[in-house]
1. Give me the 1.4 Å probe accessible area per residue for the chain, excluding ligands and nucleic acids, in Å².
2. Based on the Cβ-Cβ distance from L125 to V105, what FRET efficiency comes out when R0 is 35 Å, to the nearest 0.05?
3. Which number comes out as Rg/Rh for the stretch 100-211 once both Rg and the Kirkwood Rh are worked out on C-alpha atoms?
4. When only C-alpha pairs under 8 Å and at least 6 residues apart count, what is the relative contact order of the stretch 165-207, in percent?
5. Enter the mean projected area of the convex hull around the alpha-carbon atoms of the stretch 27-91, in nm², rounded to one decimal.
6. If you roll a 1.4 angstrom probe over the protein chains with everything in place, what fraction of the accessible area of the stretch 31-184 belongs to carbon and sulfur, to the nearest %?
7. Return the sequence-ordered ³J(HN,Hα) values of the stretch 180-197 in whole Hz as given by the Karplus equation 6.51 cos²θ - 1.76 cosθ + 1.60 applied to θ = phi - 60°, using x for Gly and Pro.
8. If I model a spin label as a point 7 Å beyond the Cα along the Cα-Cβ vector, how far apart are those points for K209 and S66 in nm?
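The values are calculated or read from the model by the stated rules, or taken from the named source; none is laboratory data. Note that the structure is a prediction, hence the values are computed from the model and not measured. Cβ: placed from backbone, ideal geometry, glycine included. Neighbour counts: every protein chain shown. Remember, those area values only see protein heavy atoms, side chains included, never the ligands or the DNA or RNA. Shrake-Rupley method; radii C 1.70, N 1.55, O 1.52, S 1.80 Å.
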Amino acid sequence: MNGARARVTSITRTVNEKNVQVGAHFGQEIPIFEKYNIKEVFLFEPNEVAVSKLKRKVENISPKMSVKIYPYALGSDNKISEMFYSEENEGQSSSILEPKLHKVVQPGIKFNKKVTVTVKRFEDLEIDNTDFLIMDVQGFELEVLKGFGHKLKSLQFIFTEVNRNSLYKDNVLIGDLDKYLKLNNFTRVWTSWRTADMPWGDAFYINEKKL
């Protein structure tokens, strides 16, 4: 999500209650949350190496902001799964889904290692009334949303990576993501593809109650 940080910044200005970030990696967005006085942040990151760095970063944040780290992935089922780990970019391309076109468009990134991760349904967690969801989950977006269940309705905004081709096997495509979110009263209002010929980018959805 490196290329989308400015967009996260502008959206965060309007939301200062509860943010959920799925695929938090090293906590690159924490300074943005802190700058705009977000009250509560819930970070989900299943990679053990990334979690250790997250914990160190959280130690230095403002006491005015509450940050909780959950060392697991989110999905539509509670289970133990394997993640394809990308060592060349410190896990940023890691996914529960098997890499497919990703190997072609970024051949320098290998997936020679698998790690075991715990997957949870967000609906089953004791976190309520969240405002803003940020996802960087490498094609697993629809599974994360399904796991929100009835809690999806409380969200105001969703910022997520999106795909228009199969970077990973069975990853959700943007059209299907639109359909699912439309059924749950969300509309896509902004999209930015990484480049004209790259199959992935970022999208911003708004709960139609906010329109």
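1. Per residue, the chain has 48 Å² of solvent-accessible surface.
2. Details: r = 34 Å, r/R0 = 0.98.
Efficiency, from the Cβ-Cβ distance: 0.55.
3. On the way: Rg = 15.0 Å, Rh = 15.1 Å.
Over the Cα atoms of the stretch 100-211, Rg/Rh equals 0.99.
4. For the stretch 165-207, the relative contact order is 33 percent.
5. On the way: hull surface 20.9 nm².
The directionally averaged projection comes out at 5.2 nm².
6. On the way: 3530 of 7510 Å².
C and S atoms contribute 47 percent here.
7. Per-residue couplings from phi come out as 5, 6, 4, 4, 9, 6, 10, 10, 7, 10, 7, 9, 9, 7, 4, 9, 4, 9 Hz.
8. Placing both labels 7 Å along Cα→Cβ, they lie 2.1 nm apart.
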